[in-house]
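Novice: The structure follows.
The values are calculated or read from the model by the stated rules, or taken from the named source; none is laboratory data. On a predicted model such as this, the values are computed, not experimentally measured, just so you know. Here the Cβ positions follow ideal geometry from the backbone for every residue, glycine too, while neighbour counts run over all protein chains shown. Remember, those area values only see protein heavy atoms, side chains included, never the ligands or the DNA or RNA. Shrake-Rupley method; radii C 1.70, N 1.55, O 1.52, S 1.80 Å.
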Amino acid sequence: MVIAAPEPKTEFQQPPIGEQRVVIRGISWEAYLQILNALPQARSSRLTYDDGVLEITMPLEDHEFYGRLIECFIRTLVELLGMRIKTMGSTTMNYPHLKKSAEPDNAYYIQNQPLVKGRNVDFSQDPPPDLVVEVDITHTDIQKNQFYASIGVPEFWRFNGKVWRIYQLQEGVYVEVEVSPTFPQVPKDRLYTFLEEAKNDEIEAIQSLRSGFFS
């Protein structure tokens, strides 16, 4: 029997520097959809709905900094490895039969890219993204591991501003692993090096990643 990895603990900070969050409880699926449809498509806030709990996240600078860099890291690896990718960004992923909806920081089709290339994804019929990334620097009321496991996302990355955790779906639950199933050639510490270098110069960090990959 596979034992699910525990939810990582958030390191509380005063004041919070990663995100601002508002949590509303007792919201029906229909009410959530009304709220979602009333909001403009061009917005910085992101919604997560989990069976009656609605969390609205407003990313701040550190959150966006790490989220963008992790996306750059992934896209560079895909290019270096000659893979194909469909980037979903923070596209709203609705699963009404589960009463769940998410707008993750980043989501990607890589292994299943051929199934969805050239068209919009239909989450009622298509498989979920192969890889989802969430940056959670401050506390979130949503049990993200359980949430994305129930949707069936094969690989889930979480970064809290210090620690990068990789989760692989096994028998319906997430198990924490040290190597990405999507990028098994890449040591885990390479992301830490990339993020540290990017604090000073993002272009040099990308160049270093490229040169180091082939050395």
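Novice: I'd like the antiparallel share, as a percent to the nearest 5, of DSSP beta bridges with both residues in the chain. Could you put the intermediate results ahead of the total?
Specialist: Details: 33 of 38 bridges.
Roughly 85 percent of the beta bridges in the chain run antiparallel, per DSSP.
Novice: If you don't mind, there's one more thing I want to ask. Give the whole-number value, in cubic angstrom per residue, of the convex hull volume spanned by the C-alpha atoms of segment 12-118. Numbers along the way, then the final one.
Specialist: On the way: hull volume 14.9 nm³, N = 107.
Measuring per residue, one finds 139 Å³ for the Cα hull of segment 12-118.
Novice: What is the percent carbon and sulfur in the accessible area of the chain, measuring with a 1.4 Å probe over the protein chains and ignoring ligands?
Specialist: Carbon and sulfur atoms account for 51 percent of the accessible area of the chain.
Novice: In segment 155-215, which trypsin sites (Lys or Arg not before Pro) fall in coil by DSSP and have 16 or fewer other Cβ atoms within 10 Å?
Specialist: Details: sites: 158, 162, 165, 188, 190, 199, 210; in loops: 162, 188, 199.
In loop regions of segment 155-215 (DSSP not H, G, I, E or B), the sparsely surrounded trypsin sites (Lys or Arg not before Pro) are 162, 188, 199.
Novice: I would also like to ask the following. Among the listed pairs 100/199; 86/188; 162/199; 99/144; 86/144, give every one whose C-alpha distance is greater than 25 Å.
Specialist: Long pairs (Cα-Cα over 25 Å): 100/199.
Novice: I've got another one for you. I'd like to verify something in the chain: which complete DSSP H helices, judged by Cα projection on the helix axis, reach 24 Å or more and average at least -1.0 on the Kyte-Doolittle scale? Don't skip to the answer; put the middle values down first.
Specialist: Details: long enough: 61-80 (28 Å, 0.03).
Helices meeting the criterion: 61-80.
Novice: Still on this structure, I have one more. Between residue 17 and residue 71, what is 0.36 nm times their sequence separation minus the Cα-Cα distance? Round to one decimal in nm.
Specialist: Difference between extended and current length: 17.4 nm.
Novice: With all protein chains present, calculate the accessible area of residue 17 using a 1.4 Å probe and round the result to the nearest 10 Å².
Specialist: About 70 Å², ignoring ligands and nucleic acids.
Novice: If you don't mind, there's one more thing I want to ask. Across the chain, where is the longest run that never hits GluC sites (Glu not before Pro) in a DSSP loop with at most 14 other C-beta atoms within 10 Å? Don't jump to the answer; show the numbers that get you there.
Specialist: Details: sites that count: 11, 171, 178.
Maximal segment without exposed cleavage sites: 12-170.
Novice: For residue 211 and residue 83 in one chain, what is 0.36 nm times their gap in residues minus the Cα-Cα distance, to one decimal in nm? Before the final figure, lay out each step's value.
Specialist: Values: separation 128, 0.36 × 128 = 46.08 nm, distance 1.81 nm.
So the chain would gain 44.3 nm between residue 211 and residue 83.
Novice: How far, in nm, would the chain grow between residue 45 and residue 3 when pulled straight, counting 0.36 nm per residue and subtracting the alpha carbon separation?
Specialist: Between residue 45 and residue 3, full extension yields 11.8 nm more.
Novice: Can you work out the accessible area per residue across segment 133-211, with the rest of the protein chains kept in place, probe 1.4 Å, in square angstrom?
Specialist: With the other protein chains kept in place, segment 133-211 gives 44 Å² per residue.
Novice: When the helix-only estimate is applied to the chain (DSSP H runs of n ≥ 4, each -39,500 (n - 2.57), divided by the residue count), what is the mean residue ellipticity at 222 nm, nearest 500 deg cm²/dmol?
Specialist: Mean residue ellipticity at 222 nm (helix-derived): -9000 deg cm²/dmol.
Novice: Between residue 203 and residue 139, what is the spin-label point distance in nm, taking each point 7 Å from the Cα along the Cα→C-beta axis?
Specialist: 4.3 nm
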